1. Run through segment 1-63 and list the GluC sites (Glu not before Pro) located in a DSSP loop whose Cβ has at most 12 other Cβ atoms within 10 Å.
2. Under a GNM of the chain (C-alpha, springs under 10 Å), which listed residue has the highest mean-square fluctuation: Lys37, Lys64, Lys54?
3. With only Lys, Arg, Asp and Glu charged, each at its Cβ (+1 for the first two, -1 for the last two), find how big the charge dipole of the chain is about the Cα centre; round to the nearest 20 debye.
4. Taking the chain as a Gaussian network, Cα atoms linked when under 10 Å apart, which of Asn47, Asn39, Asn13 shows the biggest mean-square fluctuation?
5. Where Rh denotes the Kirkwood radius from the mean inverse Cα pair distance, what is Rg over Rh for the chain?
Amino acid sequence: MDNRLKIARVEMNLTQQELADKVGVTRQTISLIEKGKYNPSLKLCLNICYTLNKTLDEIFWVEKGIARDENTKNQR
């Protein structure tokens, strides 16, 4: 999953720690999400979006080809 979390966070003038505190996770979790090394739950994605005053598709998305590949793998 790709994301624009760091851009949105910086636009709101928040540190990783401040955002983490607001959404109830660790700073390390925010860092991993920003680097694309951790896929957050839908609930966490929505909490982040609400906190940053952004919509889900403004911060998180999956490329269409990748999403289809993942769905195919899960159906096997």
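What follows is calculated from the coordinates using simple rules that are stated; it is not laboratory data. Just so it is clear, the structure is predicted and the values come from calculations on it, not from any experiment. Positions of Cβ are backbone-derived with ideal geometry, glycine not excepted, and every protein chain shown enters the neighbour counts.
1. On the way: sites: Glu11, Glu18, Glu34, Glu58, Glu63; in loops: Glu63.
Loop-located and lightly packed - Glu63.
2. For the chain, modelled as a Gaussian network with Cα springs under 10 Å, the answer is Lys64.
3. Working: 13 positive and 10 negative charges, 45 e Å.
Around 220 debye, computed over the chain.
4. Evaluated over the chain, the most mobile residue of the options is Asn13.
5. On the way: Rg = 13.1 Å, Rh = 12.9 Å.
Rg divided by Rh gives 1.01.
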